[in-house]
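A quick write-up on the structure given underneath.
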Amino acid sequence: GAGVSQTPSNKVTEKGKYVELRCDPISGHTALYWYRQSLGQGPEFLIYFQGTGAADDSGLPNDRFFAVRPEGSVSTLKIQRTERGDSAMYLCASSLAGKNTGELFFGEGSRLTVL
Amino acid sequence: AQSVAQPEDQVNVAEGNPLTVKCTYSVSGNPYLFWYVQYPNRGLQFLLKYITGDNLVKGSYGFEAEFNKSQTSFHLKKPSALVSDSALYFCAVRDIRSNFGNEKLTFGTGTRLTIIP
């Protein structure tokens, strides 16, 4: 597609439930990033994929968070046993890895609300 | 660890006046610095970057930023503000320890810029 696409745009769930958030990057972008943005804060890095592999998952807050990118394109962020503190905007970005431009292309985000 | 600070949560500027949005950074080694803008109901958009070379960098929509190593600053500027510049602006720094290809960024907390007609 023309830009990074994220679905759903909004997700409301109950505490303890399982959630999946999807990201479809720009075609041809091999690098994919997940960020989390809480209200009044800047985006915080969660995980970086180079192709199919998670090259850097140092930002994942705990083992309830997991992400996959099985075919090197679409990625899914998975959150188990959601907690109210997980409520945030989840942002996905992609880039042309290896170009070293520093320019990330962001989607519009998925807003997660845990009741 | 690297970090950026945006000391102003909110900046108000009259239309047509010059604007400045402040950013200071802390890194070990040479920084890679960026500005991103977030319009309402839109994703973050790249505005400009400093990697090396000229300290004054120009970006989209008439914005520019000046890298000042002695003051560890990277302030965003525009000579004449437009109402359409009203948005949330984020300064970011690249993790210099990351491997080539990993362009993860550390963002500031953002500054809301409001241009008053």
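The values are calculated or read from the model by the stated rules, or taken from the named source; none is laboratory data. Every value quoted in this text rests on a predicted model; they were computed, and no experiment measured them. A quick note on method: Cβ atoms are made from the backbone with ideal geometry, for glycine too, and the neighbour counts reach across all protein chains shown. Protein only, heavy atoms only, side chains kept; ligands, DNA and RNA dropped before computing areas. Shrake-Rupley method; radii C 1.70, N 1.55, O 1.52, S 1.80 Å.
Couple of notes before you dig in:
- Residues satisfying the stated conditions in the range A:1-25, i.e. crowded, with 16+ Cβ neighbours inside 10 Å, of a type in the set (A, V, I, L, M) and either under 29 Å from B:D9 (Cβ atoms) or modelled with pLDDT under 95 (or both): A:V4, A:L21
- Among the residues of the range B:28-49, those that are assigned to a strand (DSSP E or B) and either at the interface with chain A (Cβ under 9 Å from one of its Cβ atoms) or in contact (Cβ under 8 Å) with a residue 60 or more places away in the chain (or both) comprise B:L33, B:F34, B:Y36, B:Q38, B:L44, B:Q45, B:F46, B:K49.
- Evaluation of A:Y35 against the conditions (1) within 12 Å of chain B (Cβ to nearest Cβ); (2) in contact (Cβ under 8 Å) with a residue 12 or more places away in the chain; (3) not in a strand (DSSP E or B) shows that the sole unmet condition is (3).
- Residues of the range A:31-53 that turn out to be touching a strand residue (DSSP E or B) at 6+ places or on another chain (Cβ under 9 Å), surrounded by fewer than 18 Cβ atoms within 10 Å (Cβ to Cβ) and within 16 Å of A:S75 (Cβ to Cβ), as a count: 2
- Qualifying positions in the range A:68-87 - open to solvent by 10 Å² or more (accessible area, probe 1.4 Å) and either within 17 Å of A:V4 (Cα to Cα) or not charged (D, E, K, R) (or both): A:V68, A:P70, A:E71, A:G72, A:S73, A:V74, A:T76, A:Q80, A:G85, A:S87
- When B:A1, B:A92 are screened for being over 16 Å from the mean Cα position of the chain (by Cα) and either within 11 Å of chain A (Cβ to nearest Cβ) or of a type in the set (A, V, I, L, M, F, W, C) (or both), only B:A1 passes.
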